[in-house]
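The values are calculated or read from the model by the stated rules, or taken from the named source; none is laboratory data. Note that the structure is a prediction, hence the values are computed from the model and not measured. With ideal geometry, Cβ positions are generated from the backbone for all residues, glycine too; neighbour counts draw on all protein chains shown. We work out accessible area using only protein heavy atoms, side chains counted, and drop any ligands, DNA or RNA first. Shrake-Rupley method; radii C 1.70, N 1.55, O 1.52, S 1.80 Å.
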Amino acid sequence: MQDLSQWPNLKAKYLGKKSELNKILRGLKDLSDEERKKIGPLANSVRGEIERWLQRKRAELENKVDQEKEWLDVTAPGQRIQPGHLHPLTLVQNQIEDIFTALGFEIADGPDVETEFYNFDAINMPDDHPGRDMQDTFWISKEKNRPKGSGVVLRTQTSSVQVRYMQKHKPPLRIIVPGRVFRNEATDASHEHTFHQFEALVADKKISVANFLQVAETFFTQFFGEKIKIRLRPSYFPFVEPGFEFDISCTNCGGKGCSTCSQTGWIEVGGAGMVHQNVFQAAGYPRGKYQGFAWGFGLERLAMMKYKINDIRLFHSGDLRFSEQF
Ligand code: PHE
C-alpha cells in the first residue's frame, strides 16, 4: 500500500463485513458452548490485534513524505523580486525639501483635518469674508451659530500652518510646509479634490519682495536644473498685502513662446505676497514689528511640468503603468 487513500480498502478487507474475521465472528452462534468459549476470545483478540496494526499502518502512511514532490533544487537561481520605488510626488517633495533645507529652511507640518480658525479666520478670512468663496471647502462640522472659527474642515491650503507655527515660534523664521490639501472640485485633467501644496513662510524685521524673488529664483533654478526667471503679477489673497501671482519662465522653450506656455513664455505657478499684519497679529506678534513673505503652489503642477505629465488624476489613480515609469 502506497498512500492514505488505500487505507479504507485495507480496513474493509480485514475488518469489514466480508472479511474472514467477520465470517468467524458471525459463525460463533452455530458453535457448541465449549467451542464458542475457546474461539470467541481468540477471535476478539485477533480483532484487537488487527485494529492496532491498522492504526500503526495509518500513522505510518500519514507521516510518509513524498520524496519526489518534496524535492528541492537548492542550486536553482532565485526569483528576482521587483523592488518598490517612490511615488513621483514623493520624489518631487524630497527634492524640494533638500533644496530648501540647504537654504536654511525648516520643514513644518500641520493636520489635514483642521479647525476653521487656522484654515480661515487666523489668516484674515473671517466667516463673512468673500475670499472664502474662492475655495470650495469640505466641511466636517459647521453649525449655524457656532463660536467663531470652531468649525472643522479638510484644510483647503497649507497656509493653515502659518499661524499654527508662528504661535509657537518667534521671527526670524524660515519654513516650508509641504502637505495634502482638499477642495470640493469638479475634477478634470488639471483639478483634483485631493492634492498637495507647498507653502513657504519667511518672517523677520526686514523682509521684502526682493527676498522673495531671490528665494523663488534660486529654488526654481535648482529644481529644474536650468536658469529660471520669475515674474510677478498683482493679485489678491486675503492673508497677504500686497499679493501676487507668480509665473516662471517656460521650462519647455526657455521663454521664447511655445504651445506649453500658450506662446507667452511664462507659466503660472502659484500665489505669493507679503504677510498681512492681521496674520502676524493673529499669531500674537505686535502689529508692524515684523515683515515677511509667503507663497503657496501645487506640488502636482510642478511634478507635471518636470515629468511632462498631462493629467493630474494620474497621481492618485493607483495605476501601476503610470507609477512604474518613475
Ligand atoms: N494659499 C493660497 C491658495 O491656496 C496660495 C498662497 C499662499 C497665496 C501664500 C499667497 C501666499 O490659493
Margin query: If you take every residue apart from LEU28 with its C-beta less than 15 Å away from the C-beta of LEU28, what net charge results, scoring Lys and Arg +1 and Asp and Glu -1?
Written below: +2
Check: Taking only protein heavy atoms and a 1.4 Å probe, what accessible area per residue, in Å², does region 1-153 have with all protein chains in place?
Finding: 74
Next item on the list: Kindly give Rg over Rh for region 101-220, based on alpha-carbon atoms, with the Kirkwood expression for the hydrodynamic radius.
Entry: 1.00
Check: Counting Lys and Arg as +1 and Asp and Glu as -1, each charge on the Cβ, what is the dipole of region 25-165 about the Cα centre in debye, to the nearest 20?
Finding: 1180
Next item on the list: Per DSSP H run of n ≥ 4, the term is -39500 (n - 2.57); total these for the chain, divide by its residue number, and report the mean residue ellipticity at 222 nm rounded to 500 deg cm²/dmol.
Entry: -10500 deg cm²/dmol
Checklist line | Solvent exposure of region 229-275 as accessible area per residue, Å², 1.4 Å probe | finding: 46
Item checked: For the chain, size of Cβ-based charge dipole, Lys and Arg +1, Asp and Glu -1, in debye -> 1100
Notebook entry, point to check: Among ILE50, ILE248, ILE107, which one shows the biggest mean-square fluctuation in a GNM of the chain, springs joining Cα atoms closer than 10 Å?
Noted result: ILE50
Notebook entry, point to check: In nm, what is the difference between 0.36 nm times the number of residues separating ASP109 and PHE138 and their Cα-Cα distance?
Noted result: 8.4 nm
Next item on the list: Assuming R0 = 51 Å, can you tell me the calculated FRET efficiency for the pair ARG26 and LEU72, based on Cβ-Cβ distance, to the nearest 0.05?
Entry: 0.45
Item checked: Fraction in percent of alpha-carbon pairs per bin - 10 Å, the chain -> 5, 19, 22, 13, 5, 3, 5, 7, 7, 7, 4, 2, 0
Checklist line | Lys/Arg +1, Asp/Glu -1 at C-beta; the chain dipole; positive extreme among VAL269, MET125, THR75 | finding: THR75
Checklist line | region 180-246: chymotrypsin sites (Phe, Trp or Tyr not before Pro) in DSSP loop, at most 15 other beta carbons within 10 Å | finding: TYR236
Item checked: Within region 250-326, trypsin sites (Lys or Arg not before Pro) in DSSP loop having at most 15 other beta-carbon neighbours inside 10 Å -> LYS256, ARG287, LYS289, LYS308
Checklist line | Label-point separation in nm, ASP319 to ARG52, each point 7 Å along Cα→Cβ | finding: 7.3
Check: Roughly speaking, to the nearest percent, how much of the chain's 1.4 Å accessible area is carbon and sulfur?
Finding: 51
Notebook entry, point to check: How high is the FRET efficiency from ASP127 to GLU185, r the C-beta distance, R0 22 Å, rounded to 0.05?
Noted result: 0.50
Checklist line | Gaussian network model of the chain, Cα within-10 Å springs - most flexible of LEU72, LEU299, LEU42 | finding: LEU42
